[in-house]
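Each remark here refers to the structure printed beneath this line.
Read-outs throughout are calculated quantities, based only on the coordinates presented, and are distinct from any laboratory measurement. Owing to the predicted nature of the structure, the values given are computational and were not obtained by experimental measurement. Here the Cβ positions follow ideal geometry from the backbone for every residue, glycine too, while neighbour counts run over all protein chains shown.
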Amino acid sequence: MKTDYMVIGRTRNSENILRLIQGIEDKGFSCYNFLSKPCTPESDGLPWQEQMNILESHPDFWNDPNHRNHFEDDMNSLRNSDTIVLLLPAGMAAHMEAGVSYGLNKRLILIGEVEKPETLYLMFNERYPDIETFLATL
């Protein structure tokens, strides 16, 4: 599904991710919400920390269909979103998604303060200190 935005970030930062997605949608834009489906079918309705614990405890990561499904959904959403927003703090997976997005020639936005700047953060087209400052530009 084609969307204006996709927010990438750490699932454990779900409260802020959902606040950002809601703010983008309130401005009339579409936004892919990776938090709209549970980490695993059996974790539906559980708090995100518990869902992540269930997902991460799978004994065979490489062959787990839930991991594969999330990977495919995320890659499709990266391809089908016009702009990718990385919300800090974010983990390694979100940073990898940012790199994929750069390779796909997507517009990249960084929200939050970088603790340890690296040269590759220059891939971001725009940077904002917080969610509210970014939303004010939409």
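Less than 5 angstrom separates the built amide H of THR3 from those of SER81, ASP82, all sequence-distant by 5 or more or on a different chain. For the chain, the Stokes-Einstein estimate of translational diffusion at 10 °C and a viscosity of 1.306 mPa s comes to 102 µm²/s, using the Kirkwood hydrodynamic radius over alpha-carbon pairs.
Dipole check for the chain: with +1 at the C-beta of Lys and Arg, -1 at the C-beta of Asp and Glu, and the Cα centre as origin, the magnitude is about 400 Debye.
A simple spin-label model places pseudo-atoms 7 Å from Cα toward Cβ; at ASN125 and ASN76 they are separated by 2.5 nm.
Comparing ARG68, ARG127, ARG79 in a Gaussian network model of the chain where C-alpha atoms under 10 Å apart are linked, the largest mean-square fluctuation is found at ARG68. If the chain linking ALA93 and THR137 were pulled fully straight, counting 0.36 nm for each residue of separation and taking away their Cα-Cα distance, it would gain 13.1 nm.
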